[in-house]
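Asks: I have a structure I would like to understand better, so I am pasting it below and will then ask my questions one at a time.
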């Protein structure tokens, strides 16, 4: 169990404390909901959770197979409802990896991302696709490339 404490500071700002590490950060309401957008909103943190979680779970799988994912990125776009009640309706995530599309562990890595606990915890009412861009050179081209000095 992990305990997280949020303390309301006024002005629609909260200070959030992570019990195990003592780390803290602030939140603000978004500009489209009475806030100033000076920090992550609570719903932004859901998107941040998916982005960080997918990369973390992929990295755990990759490291167990000797694969270095440094430089990989995940971008999650959060869309809110236009009707009441206000809620997240879409969290689309694009993961870009520094590996080639023909990488032999591609299926395992994509499955790992889709197994992210945050993604698995989201309501089925939220559209949450995950897409991948494999940005590395194809294995055949990389093998044929001349050695760099």
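The values are calculated or read from the model by the stated rules, or taken from the named source; none is laboratory data. Quantities reported herein were computed from a predicted structural model and do not represent experimental measurements. Glycine also receives a Cβ, built like all others from the backbone with ideal geometry; neighbour counts cover every protein chain displayed.
Asks: Being touching a strand residue (DSSP E or B) at 6+ places or on another chain (Cβ under 8 Å) and surrounded by 16 or more Cβ atoms within 10 Å (Cβ to Cβ) is the filter here, so list the residues in region 104-113 that pass it.
Replies: Scanning region 104-113 gives 109, 110, 113.
Asks: Which of the residues belonging to region 12-30 are in contact with a helix residue (DSSP H, G or I) (Cβ under 9 Å, 6 or more places away or on another chain) and within 19 Å of residue 78 (Cα to Cα)?
Replies: Within region 12-30, 27, 29, 30 qualify.
Table: residues versus (1) free of Cβ contacts under 8 Å to residues at least 60 places away in the same chain; (2) surrounded by 17 or more Cβ atoms within 10 Å (Cβ to Cβ); (3) not assigned by TED's automatic domain parsing to the domain that holds residue 125.
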{"position": "6", "(1), (2), (3)": "yes, no, yes"}
{"position": "19", "(1), (2), (3)": "yes, no, yes"}
{"position": "53", "(1), (2), (3)": "no, yes, no"}
{"position": "63", "(1), (2), (3)": "yes, no, no"}
{"position": "74", "(1), (2), (3)": "yes, yes, no"}
{"position": "89", "(1), (2), (3)": "yes, no, no"}
{"position": "93", "(1), (2), (3)": "yes, yes, no"}
{"position": "102", "(1), (2), (3)": "yes, no, no"}
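Asks: Got at least one residue in region 35-46 being under 20 Å from residue 122 (Cβ atoms), in contact (Cβ under 8 Å) with a residue 40 or more places away in the chain, assigned to a helix (DSSP H, G or I) and touching a strand residue (DSSP E or B) at 6+ places or on another chain (Cβ under 8 Å)?
Replies: Yes, because at least one residue in region 35-46 is under 20 Å from residue 122 (Cβ atoms), in contact (Cβ under 8 Å) with a residue 40 or more places away in the chain, assigned to a helix (DSSP H, G or I) and touching a strand residue (DSSP E or B) at 6+ places or on another chain (Cβ under 8 Å).
Asks: Out of (1) without any contact (Cβ under 8 Å) to a residue 60 or more places away in the chain; (2) under 28 Å from residue 33 (Cβ atoms), what's the single condition that is false for residue 116?
Replies: If we test residue 116 against (1) without any contact (Cβ under 8 Å) to a residue 60 or more places away in the chain; (2) under 28 Å from residue 33 (Cβ atoms), just (1) comes out false.
Asks: If residue 134 meets every condition in (1) farther than 29 Å from residue 16 by Cα; (2) under 13 Å from the mean Cα position of the chain (by Cα); (3) surrounded by 15 or more Cβ atoms within 10 Å (Cβ to Cβ) apart from one, which number is that one?
Replies: Every listed condition holds for residue 134 apart from (2).
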